[in-house]
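Worksheet for the structure shown next.
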Amino acid sequence: MMGRAEEARTLGKPLSGYTERSVYVKAERATRQSKTPEAGSSATPLADMMGIITPSALHYERHHAGVPTIDPEQHRLTVHGMVERPLVLTMAEIQRMPSVSRIAFLECGGNSGGEWGALTGPTAQRACGLASCSEWTGVPLRLVLEECGLKPGAAWLIAEGADACRMQRSVPVEAALGEALLAYGQNGEPLRPSQGFPLRLLTPGWEGNLQVKWLRRLLVTDQPYMTRDETSKYSDLMPDGKARIFTLMMEAKSVVTFPSGGQRLPGRGLYELTGLAWSGQGLIERVEVTLDGGRSWQAAVLQEPRLPKAFTRFRLAWQWDGKPAVIASRAVDETGYVQPGKEELIAARGLNSGYHFNGIKLWKVAADGSVANADA
Amino acid sequence: MRTLSVALVFALGLCAQTSRYGVGRVPGAEEIRGLGPTVAPDGTGLPEGSATAVEGRELFAQKCAKCHGEKAEGDVGPALVGGQGTLATPKPRKTVGSFWPHAPVVWDYVHRAMPFNQPGVLSHREVYAVVAYVLFLNGIIGEKDVMDAKSLGKVRMPNRDGFVPDPRPDVKSK
């Protein structure tokens, strides 16, 4: 018996119906203190993630009126407006239709909003964590619209959630006829309540707010309804005082997650630098990494499978010589679009746009191995 | 983008009459109304009812001021007044008065989402009243102007023409 570790001297836990993670694994979403915690966001701990799938329990959240508890038996989706046949569908009926599963990232239009200003995120989670990636399962929205029959002139869908604010967004019909899903599954199980259980809209590559959760209604119209969350919020205010509206696609972005702010390298030697890249336009074609603050860039290795509009993991073997270093990644997508630097973004859009920040994020590694935000 | 969608919509229209999957049920007009109003920027979809800012004053104090401040200057909830003329400055203040392009959408939003902690408690008339009050505080309408399904759509918001389409890609990378 001598010399045996405790766990080898006592029986482990018996079988169970549902597995919790190890007590030693602590990664959590980051929230902020708020008097209205039902309207806010929680960020995915990107630096703790492996591969490209975000565990559903750590998928970022952004709600405007809390997470409703919805009985799927009672839930209905109503499609009406400029259609030949308005329809009310139960969840069972939606799940009878042909389904597809695909991996797609989801990113809040306000992700990295703090990066526009002086108080930039000290960690990958704080700087870029309103982005996650899941396998989603659902019915192509196109099939449901075919059941209804769009009338000529139908150009927009006004999507409405069943939450307390009845979240509402105008969705261009092109999205609906393309890749959009009425999603009910996430990572092999029904959607988590915070991701819209039992039904959400999914428009891969487009900003999160558009992908209305707890979806209860699609009103088909010939015009956008200029709803609160596409005018007052999620629009990009330019220096001339005009605001860009319907900037829906999330442009290519990447972040180094190791080494990243808040971490510490134990000493010089070989490390695997890694991070995540994604683009709302499709595939990540290339990710380049700098170890000298942007003077030189080298190609990182992209982990397969590389999927359009999904997280792509990149890696680079890095021999750290123990000297201070400034590191960052830069993504290039299949359209040739190159992730810009913060200065270039500001030159184009000024300092008041608030949303849709996809700039390069720099980390500085100090001689003692500590890693911090280089833009602070 | 437009041409493509029109073509696709036309193609879909052809199979409109037939149901391929035999799912769903056609709702009646009453059932659709029961889902609640959805209001277009021009006011289409606004329900019956009318009120003035005078009637909204008391109601705002009771139902909104706790979070938005006595004068809607902002507290737990965002400011609903002021900011006109600031959008092109280094400190823009986006409010209903300075930023929101369409008055009927204020009605729609307040009706669907406010009061934040008790959505749905206000009658349609009461929503007209608090919306009239917020517009009045912003100097957009008079205190006695009657707001209803017709007049609200005619209110000209200061930032009516303040929104422009997405011109991206707009950033030059080095």
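Every number here is computed from the coordinates shown, using simple stated rules; none is lab data. Remember, it's a predicted structure, so these values are computed and weren't measured experimentally. Cβ atoms come from the backbone with ideal geometry, glycine included; neighbour counts cover every protein chain shown.
A few points about this structure:
- Think of segment A:253-373 as a dipole: +1 on every Lys or Arg Cβ, -1 on every Asp or Glu Cβ, centred on the Cα centre; then among A:Ser296, A:Val326, A:Gln339, A:Val326 lies furthest on the positive end.
- Contact order, relative form, for chain A: 17 percent (alpha carbon pairs under 8 Å, 6 or more residues apart, mean separation divided by residue count).
- Dipole-positive endmost among A:Pro37, A:Pro14, A:Pro122 within chain A (Cβ charges, Cα centre): A:Pro14
- Taking 0.36 nm per residue of separation and subtracting the current Cα-Cα distance, fully stretching the chain between A:Asp71 and A:Val326 would add 86.8 nm.
- Note on chain A: lysine pairs with Cα distance below 22 Å, sequence gap of 8 or more or different chains, count 17.
- Counted charge near B:Val23, where neighbours are those whose Cβ lies closer than 11 Å (Asp, Glu -1; Lys, Arg +1): +1
- Remark: spin-label model distance A:Ser296-A:Val23 equals 5.0 nm, labels positioned 7 Å along the Cα→Cβ axis.
- Most positive-pole-ward Cα, A:Leu218, A:Pro86, A:His64, against dipole of the protein assembly as shown from beta carbon charges: A:His64
- Neighbour-count order for A:Cys165, A:Cys128, A:Cys148, fewest beta carbons within 10 angstrom listed first: A:Cys165, A:Cys148, A:Cys128
- Relative protection proxy for A:274-282, A:18-26, from highest mean packing down: A:274-282, A:18-26 (other beta-carbon atoms within 10 angstrom).
- Given +1 at the Cβ of Lys and Arg, -1 at the Cβ of Asp and Glu and no other charges, the dipole of the protein assembly as shown around its Cα centre is 600 debye to the nearest 20.
- Mean residue ellipticity (222 nm) of chain A, computed from DSSP H runs ≥ 4 via -39,500 (n - 2.57), nearest 500: -2000 deg cm²/dmol
- Residues of segment A:334-376 with amide N under 18 Å of the 7 Å Cα→Cβ point at A:Leu119: A:351-355, A:373-376
- The magnitude of the dipole of segment A:61-217, with charges of +1 and -1 set on the Cβ of Lys/Arg and Asp/Glu and taken from the Cα centre, is near 220 debye.
- Dipole magnitude of segment A:184-306 about its Cα centre (Cβ charges: Lys, Arg +1; Asp, Glu -1), debye to nearest 20: 380 debye
- Shape category assigned to the protein assembly as shown from the gyration tensor of Cα positions, a/c cut at 1.5: prolate
- Whole-Å distance, taken between Cα centres, linking segment B:82-130 and segment A:29-99: 25 Å
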